[in-house]
Amino acid sequence: MRISSINSFMNNSVIFQGNEKKQNSLRKVANATMLATALSAAVPMYQSCDKLTQDIVHNHYLKLPVDTFTKEEMKPVPVPPQIIFIEKEVPGKTDTIIKHDTIALPGDTIYKHDTTYIEKPPIIKHDTLYLPGDSVFIKEEWTSPVPPKQEEIYDDLGIHPNGNGKFFISESYYDEKNNEFVQRRLHGQGSSRDGKILVYNVVKTKWDDEAEGVVLGKNETFEKHLVYLSEDGMDLGVKVMKPKVDIRVSNDDKKSNWQVFSKGTLSTPDAWQDQESFFMQNKGGVIDITNGFNLKKGLKDQSVTITNPYDSQWELSEWNVIKGDPD
């Protein structure tokens, strides 16, 4: 299966030709075209699957919303502190034992050498992350059609959220294949005023080999996820956006660098570009993604098994999903 997408019209105007009525009609069609995506598998869209023959083309005309609410309009919703335990398998070392046996024969001495290789079992490295409490901002009485579909997907995957409310304000999980800790937070202020597009800021933290663990504030990459429904309301998906420039930020406070989204280079919509887009379709307990991947309930509690187009599987583990509403 080959997946292709057309980039959103971030800052480029659409040129229409013809008379004024045709121009207006075409503009309405373009503005009305909105496809969907949500949750966050964040898997490579450019991979192909030879088993599938049908080509699918997705047209995405969504713009990254600017801040549609002022800070004064928003209500702070606290994200409670969390403690995350991450397991990583570290290969065991191989020990070598050499035995020296002596055999005495008349007129000579023979030395026999036996070498034994003992492979130690893998070591399970337990890493503990403390996520300090923070606040996201949501407008009071603000509504959105997106969270009910998110709830359905989480339920099918066996993920049990914490807290109450109609919005999913944060989530985190550990990607065992890519060895990175993924966090998402709702950017209510930057989401669309009508709630049709929810924007999440995303921080991905790679495993640090030197520290033998995930160190918050280091080895980070940043994304934005535009979460919304398909036109018929049946599918949920995400449009992944990445920075136009490579951002390197680090601190020694063991806190993720969320400030990059509100200050400096990444704080404006024109700092971001399309990376990938995909739909998530519920197929009876298996969530099919339109780029050939799928998700299903994981092998452990609060985990998800992801399968790529080549039938390779791994776990997205230690899911922690938090719901909330303005007080």
Legend entry - Calculated Rg and Dmax of the stretch 200-327 using C-alpha coordinates, Å: 16.9, 49
Legend entry - Interchain or long-range residues, amide H under 5 Å from Val136's placed H: Val77, Val79
Legend entry - Which of Asn291, Trp272, Phe261, positive extreme of dipole for the stretch 258-297 (C-beta unit charges): Asn291
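How do Glu176, Glu141 rank by accessible surface area computed with a 1.4 Å probe, from largest to smallest? Please report the intermediate quantities before stating the final value.
Details: Glu176 60, Glu141 155 Å².
These residues rank, largest area first, as Glu141, Glu176.
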Legend entry - Dipole in debye (nearest 20) - the stretch 196-327, about Cα centre, beta carbon charges: Lys, Arg +1; Asp, Glu -1: 180 debye
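Computed FRET efficiency, Cβ-Cβ of Lys300 and Glu212, R0 25 Å: what is it to the nearest 0.05? The partial results should precede the final answer.
Values: r = 22 Å, r/R0 = 0.86.
Calculated transfer efficiency: 0.70.
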Inset, instruction - Check cross-link reach from Lys300 to the aspartates and glutamates: straight Cα distance under 16 Å, and skip same-chain residues fewer than eight apart. - result: Glu87, Glu89, Asp155, Asp156, Asp175, Glu176, Glu315, Glu318
Inset, instruction - Starting from the Cα of Asn179, step 7 Å along the direction of its Cβ; do the same at Ser262; then give the gap between the two resulting points in nm. - result: 3.3 nm
Legend entry - Pairs from Lys242/Lys263; Lys149/Lys263; Lys204/Lys263 whose Cα-Cα separation, in the structure shown, is over 27 Å: Lys149/Lys263
Legend entry - Modelled FRET efficiency - R0 25 Å, Glu73 with Thr128, Cβ distances, 0.05 increments: 0.10
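Kindly give Rg over Rh for the stretch 125-172, based on alpha-carbon atoms, with the Kirkwood expression for the hydrodynamic radius. Show your work: numbers first, answer last.
On the way: Rg = 13.7 Å, Rh = 13.2 Å.
Across the stretch 125-172, the Cα-based Rg/Rh ratio is 1.04.
The values are calculated or read from the model by the stated rules, or taken from the named source; none is laboratory data. These numbers come from a predicted model, not from an experiment. Positions of Cβ are backbone-derived with ideal geometry, glycine not excepted, and every protein chain shown enters the neighbour counts. The protein model used for the area step is the full one, side chains on, heavy atoms only, and it has no ligands, DNA or RNA in it. Shrake-Rupley method; radii C 1.70, N 1.55, O 1.52, S 1.80 Å.
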